[in-house]
């Protein structure tokens, strides 16, 4: 949970919008938490992703996988039990992860 909360904090500090922490424990076999946030530009997507990797590396954690491109409007950072999704508003609406996991508990939402 500490990794997820740190991801929320870093995303929020980088001015991500609509930051959401979902608890997937008991309903997902591949992750315990999703952190989902929006960014208004490719530059901001890149900045949030890079700061998340740097901040978590400072805590001794490395992303197992990074997927997507800033220019695509979506970047995924896989930290094992915590997966961070950084979306442009259009891509977030298209993928609508919040609706894809209706039984997930919302732990934090910063709008």
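The values are calculated or read from the model by the stated rules, or taken from the named source; none is laboratory data. Everything quoted here is computed from the prediction, not taken from an experiment. Note that each Cβ is placed from the backbone with ideal geometry, even for glycine, and that neighbours are counted across all protein chains shown.
Here are some notes:
- Given (1) in contact with a strand residue (DSSP E or B) (Cβ under 6 Å, 6 or more places away or on another chain); (2) surrounded by fewer than 16 Cβ atoms within 10 Å (Cβ to Cβ); (3) closer than 20 Å to residue 32 by Cβ, index of the condition residue 102 fails: (1)
- One residue stands out in segment 1-30 among those that are farther than 23 Å from residue 46 by Cβ and in contact with a helix residue (DSSP H, G or I) (Cβ under 9 Å, 6 or more places away or on another chain): the one that is surrounded by the most Cβ atoms within 10 Å (Cβ to Cβ), namely 22.
- One residue stands out in segment 60-111 among those that are touching a helix residue (DSSP H, G or I) at 6+ places or on another chain (Cβ under 7 Å) and closer than 15 Å to residue 9 by Cβ: the one that is modelled with the lowest pLDDT, namely 61.
- In summary, strands (runs of 3 or more DSSP E) completely within segment 17-111 and bearing 2 or more residues that are free of Cβ contacts under 8 Å to residues at least 40 places away in the same chain occur at 65-69, 74-78.
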